[in-house]
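Since every read-out is calculated from the coordinates, none of them should be taken as a lab result. Here the structure is a predicted model, which is why all the values come from computation and not from measurement. Every residue, glycine among them, receives a Cβ derived from its backbone with ideal geometry; neighbour counts consider all protein chains shown.
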Amino acid sequence: MEVIIYICLALLLSFCILAAMSQSLLKSAIFLAFASATLGVILFVLGAPWAAVIEVSACSGLVTVIFISAISLSRIKKEEVQKLYADKKQMKYLPYILIIAGIVIIVAALAGSVALPGTAVESTEDFREVFWNSRQADILGQIVSILIGGIAVYVLMRESKD
Amino acid sequence: MDRPEKVGIRRCARIPSDGGSRGQRGDVAHAGRAGRAPGALDCCDHIRNAPVIRNLYGWAEKGYLDPYQWLVSLVGAYGSLCTRVEHGVSWVYDKGVPGLVKGTGNALSRFVNGRLSRYLYLVVVGLILLLILFFAK
Amino acid sequence: MNYLNYAAAVFLLIPIAAIAINNICPKPYMKKNFHTLTGTVAVFQIAAAAYALCAMNANGLTAYDFSILSNLKITGSALFRLTPVSLIFLLCIGMVAFVSVAVASKTVESMRISYVNLLMTMLIGMNGMVLVKDLFTLYVFLDVVGISSFVLISLFRSTKALEGSVKYLVISEFATIFILTALAFIFMQTGSLAYQDIGGVLEGADGSQKNLIYLSIALLIAGFSIKAGAVPFHSWLPDAHQSADTAVSILLSGIVIKIAGVYGLFMVVSLFPGVRAVQIALAAIGVASILTGALLALRQTHFKRIVAYSSVSQIGYILLGLSCGTTVGLIGAVAHVFSHAAFKTTLFSNAAALHEQVGTLDIDKMGGLQSRMPVTSLSSVVAFLSTAGIPPFAGFWSKLLIIIALWTSGSAVLGGVALIASIFTCAYLLRLQKKVFFGETPEHLKNVTEVKGGIKFVEIALTVITSATGILFPLVLIYLQSRGLI
């Protein structure tokens, strides 16, 4: 079990770095999907199946679909993005250096038997009841966050009138 | 027959143009002095020119042994010191502190150059300093 | 008690209702009357906070728990708490929101519906932060405040605004990462993030557990310091405050940095009392902020940028007050939060007035405006005197309490530094006043007149508040003394 977590951590790190540093928007979105899926596996192994399901379905599935739709609608050419980074050729190997450094740290943690978080204890209460009875303030905060997200998309992505 | 006193009077009647400064040689004739030999006013020259006393006389002529001169010099030195201190304090207020403040402000302003990468470095450095504060013993 | 419960519901439910009204009512009507709706919400908040403070004092309450959606009889469902300190923060939020709306009536000419929506969500976020009893919920509302701030800064999508908001967003992400990591570590130790469960976590902790808690505290301090704009995490603040619309700058400098940052640090000090490293860290950050903010403000020529760096400097005073760890220090810090809200919003209102009438905020292009804009100049001078800690204005009392707290807690050197740094405060604000309001008036400004409408009203109101708070502050001190707090 621990080995799975370490392997997933290494994959998560690699996908995240590649998603952040890729020069193609489409590749970035796909790497992000893989990163979310890997995180879902970690959550499942740690005993949080509901969180894993939501992570895989929403973040890995739904969000990726939205990203890819937006990228295909915007019709940004790969060459246009690459032009922005044309003067940063010395950074070409940086993603791989970061990934190797991260994997070295993870292997060192594996060799040094660094303690991993314990598996979550199965709760007797249904998480929906816990949510509604004990975490109402969080629900209010989440609803307002979603609202702001919608407003932000409208404000930032609206067409200019001039 | 010689009349030395008449000669002495005649000689004494000559008034030297340099006020008798040639008295040391004893060839200035004036009342009270007799002949070419050193006169009465030079009679104490041998004391005046004695080894240690000669130096004392020299210092006295230059004013080194005059308490009034001492006081004047002391007051002058104190005044000069006060002026230097006042210039120093004025320099601190007029040039030192404003220059330091301006220089530090300029240096900080140049450091905060508007680049996001530098801002992020500052954040990371700040966190490291905090961790050092918490864990340094 | 019922009325107190309704007063408590005002802080969370009325902004939601305002969002609903804003989006349901016809758009042309709302665009014309947006300031009436938001002004009413702000006035409700001020009235509710003032009423709740009086009611709690009259009933001798130090805390009041309430819930808005579920039955209070269910154990653990009371999710929000009112305390006198949180009510003072809520009062400041209402006051600054009102000023922002009054200024926005002149400066925000398009995107009014979105401005109202974002202002109300920001209000919910800030109110939520000071009302919750749980660190994770605090984090959720902190994120709400962060996202609405980011969008408000970039509301008009100018290049500078987008640049300022992206810088704010990226650096805020670091704050989010630090705070969330700290919450994870604390949760590992305590199994709960409720305030009452975290309180004694250090007492039973052994070596490695203590190190983990210290790591969490350091991360929390770093995260909240980023939000507060304290040195060395302050870099985003001047760019964001300068490039945003003035109504938004009023919100950011007047209240957001205090709720999102200072209130978080206040909670850290309350949850982990007596930790020497916390006091040293806050003192170091405080001194660095005071000096760096003042030195950089001396170099600026843009009005809003000078005032933004002034905010960095004044946040340092608040952190110094928190670092004392004494009641007087906490009272001084909270008093400075209020007085800073008053004088900083005054200065930004002056910026709005100058931008409206003069058309520029470059102080080198201004001069001699005192006779042409007498109300703006008087309010600016009063704000400057309060910022510099000159009696009898509000800022004097709050700074005095902080310096006394530093002195009595054994940090006389820090008290001396705080006192000497007031000279720098005087220097940069005097320079600002001289360049803008005194001296010779340039030819192109000879026809400038005083601003009218909402901006003039809030300038006068804030001047009265700053002066009245200062003059009446001794009554507050007498009350606190009668309560045994000082």
Quick check: convex hull of the Cα atoms in chain C, volume per residue, rounded to a whole Å³?
135
Just to confirm my numbers, what's the Cα centroid distance between segment C:378-446 and segment C:103-154 in Å?
30
Starting from the Cα of C:PHE438, move 7 Å in the Cα-to-Cβ direction to define the label point; list residues of segment C:292-308 whose amide nitrogen is under 18 Å from there.
C:298
Can you tell me the Rg and the Dmax, both Å, for the Cα atoms in segment C:274-331?
13.0, 42
Rounded to the nearest 0.05, what FRET efficiency is calculated for C:VAL476 and C:THR301 with R0 set to 41 Å and r the Cβ-Cβ distance?
0.60
Using 23 Å as the Cα-Cα cut-off, could you pick out the over-long pairs in C:LYS27/C:LYS304; C:LYS258/C:LYS304; C:LYS167/C:LYS365; C:LYS167/C:LYS258; C:LYS27/C:LYS167?
C:LYS27/C:LYS304; C:LYS167/C:LYS365; C:LYS27/C:LYS167
Residue order, fewest to most surrounding Cβ atoms within 10 angstrom, among B:LEU71, C:LEU252, C:LEU212
B:LEU71, C:LEU212, C:LEU252
Would you mind checking the tilt of helix C:374-387 against the longest principal axis of the Cα atoms of chain C, expressed as 0 to 90 degrees and rounded to 10?
30
For segment C:449-464 and segment C:241-300, distance of Cα centres in Å:
27
Work out the charge dipole of chain C with +1 on the Cβ of Lys and Arg and -1 on the Cβ of Asp and Glu about the Cα centre, then indicate which of C:ALA161, C:ILE478, C:MET267 is farthest towards its positive end.
C:ALA161
Angle between the Cα long axis of helix C:412-437 and the longest principal axis of chain C, 0 to 90 degrees, nearest 10?
30
Taking +1 at the Cβ of each Lys and Arg and -1 at the Cβ of each Asp and Glu, which of C:ALA352, A:SER145, C:LEU183 sits farthest along the dipole of the protein assembly as shown towards its positive end, judged by Cα position relative to the Cα centre?
C:ALA352
Using only Cα atoms and rounding to the nearest 10 degrees, what angle (0 to 90) does helix C:327-357 make with the longest principal axis of chain C?
30
Taking all pairs of different Cα atoms in segment A:123-162, averaging 1/r and flipping that mean, what Kirkwood radius in angstroms comes out?
12.4
What are the semi-axes of the equivalent ellipsoid for segment C:240-359, taken as the square roots of 5 times the Cα gyration tensor eigenvalues, largest first, in whole Å?
29, 14, 10
Magnitude of the Cβ-charge dipole (Lys and Arg +1, Asp and Glu -1) of chain C about the Cα centre, nearest 20 debye, reported as 700
Give me the dipole magnitude in Debye, nearest 20, for the protein assembly as shown about the Cα centre, with unit charges on the beta carbon: positive for Lys and Arg, negative for Asp and Glu.
2780
Placing +1 on each Lys and Arg Cβ and -1 on each Asp and Glu Cβ in the protein assembly as shown, then taking the dipole about the Cα centre, the residue among C:GLY229, C:ILE213, A:ALA35 whose Cα reaches farthest towards the positive end is C:GLY229
For segment B:119-137 versus segment A:1-70, the gap between their alpha-carbon centres in whole angstrom:
30
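Give, rounded to the nearest 20 debye, the magnitude of the charge dipole that segment C:115-266 has about its Cα centre when Lys and Arg contribute +1 at Cβ and Asp and Glu contribute -1 at Cβ.
Using only the charged Cβ atoms, the result is roughly 280 debye.
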Against the 2.2 N^0.38 Å rule of thumb, the C-alpha Rg of segment C:416-486 sits at a ratio of 1.69
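So if I take the alpha carbon set of the protein assembly as shown, get Rg, then get Rh from the Kirkwood formula, what is the Rg over Rh ratio?
1.24
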Segment B:67-135: radius of gyration and largest Cα-Cα distance (Dmax), Å
24.5, 74
Calculated from DSSP helices alone, with each H run of at least 4 adding -39500 (n - 2.57) and the total divided by the residues of the protein assembly as shown, [θ]222 nm to the nearest 500 comes to -24000 deg cm²/dmol
Would you mind ranking C:LEU295, C:LEU180 by Cβ crowding within 10 Å, fewest neighbours first?
C:LEU180, C:LEU295
